[in-house]
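Notes for the one structure printed next.
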Amino acid sequence: MPVDVSDLCCVNSQCPDVGRRGGNNVRFDRWTGVGKDIRFVRCRTCKAEFSERKGTPLFGAKLPVKEIESITRHLIEGDSLRKTGRLTEHKQDTVARWGRRLGTHAKNFHQEKAQNLDVREAQFDEMWSFVKKKRKISSPRSRARAVLEITGATSS
């Protein structure tokens with residue numbers, strides 16, 4: 001029974017078909033990994049071999065995917081490193097390492113995809129939330145200064 005690899009693409013930057021999904025340029029080669037659950041593929045165009053995890057945060061991961069997903073869910077919800085470690089039964093250093101790894105991948109993905117944007121509107125929800133929270137402990141003058149700093153405006 002053939003293994004579906006249509007969701008994968010060549011990751012070799014020198015290949016003319018790099019990033020092309022759904023084509024017939026990538027074919028299944030073999031199963032790999034501890035549980036033989038990771039697809040290993042070959043590009044028909046450039047003959048490069050690579051794991052389906054190449055270019056993802058999971059490439060070279062030692063933890064099972066379920067545990068990485070659990071750590072990720074807790075971090076997304078805003079749980080602290082210590083709390084996430086307790087809930088997932090991992091060391092705080094492991095949680096921090098995965099947080100950095102996932103964050104770096106997300107940042108790089110964003111930098112690659114979010115280019116040449118023509119932004120016509122912006123919402124300042126966070127700005128107003130910040131100002132509103134500070135209202136109780138600040139004077140009207142310092143609140144006005146904070147708004148000017150956040151918006152980048154200058155005072156006269």
- Note on the structure: By the Cα gyration tensor axes a ≥ b ≥ c (a/c under 1.5 gives rounded; else a/b larger than b/c gives prolate, otherwise oblate), the shape of region 1-80 is prolate
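Return the subset of Lys36/Lys83; Lys83/Lys113; Lys36/Lys62; Lys54/Lys107 for which the Cα-Cα distance in this structure is over 23 Å, preserving the input order. Working shown, then result.
Details: Lys36/Lys83 32 Å; Lys83/Lys113 32 Å; Lys36/Lys62 14 Å; Lys54/Lys107 17 Å.
Too far apart for the 23 Å limit: Lys36/Lys83; Lys83/Lys113.
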- Restricting things to alpha carbons, find the Rg to Rh ratio for region 65-112 using the Kirkwood radius for Rh. 1.00
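Between Lys62 and Arg20, what FRET efficiency comes out of the Förster formula 1/(1 + (r/R0)^6) with R0 = 30 Å and r the beta carbon distance, rounded to 0.05?
Working: r = 31 Å, r/R0 = 1.03.
Between Arg20 and Lys62 the formula returns 0.45.
Read-outs throughout are calculated quantities, based only on the coordinates presented, and are distinct from any laboratory measurement. Given the structure is predicted, the values throughout are model-derived calculations rather than measurements. Every residue, glycine as well, gets a Cβ built from its backbone with ideal geometry; the counts of neighbours run over all protein chains shown.
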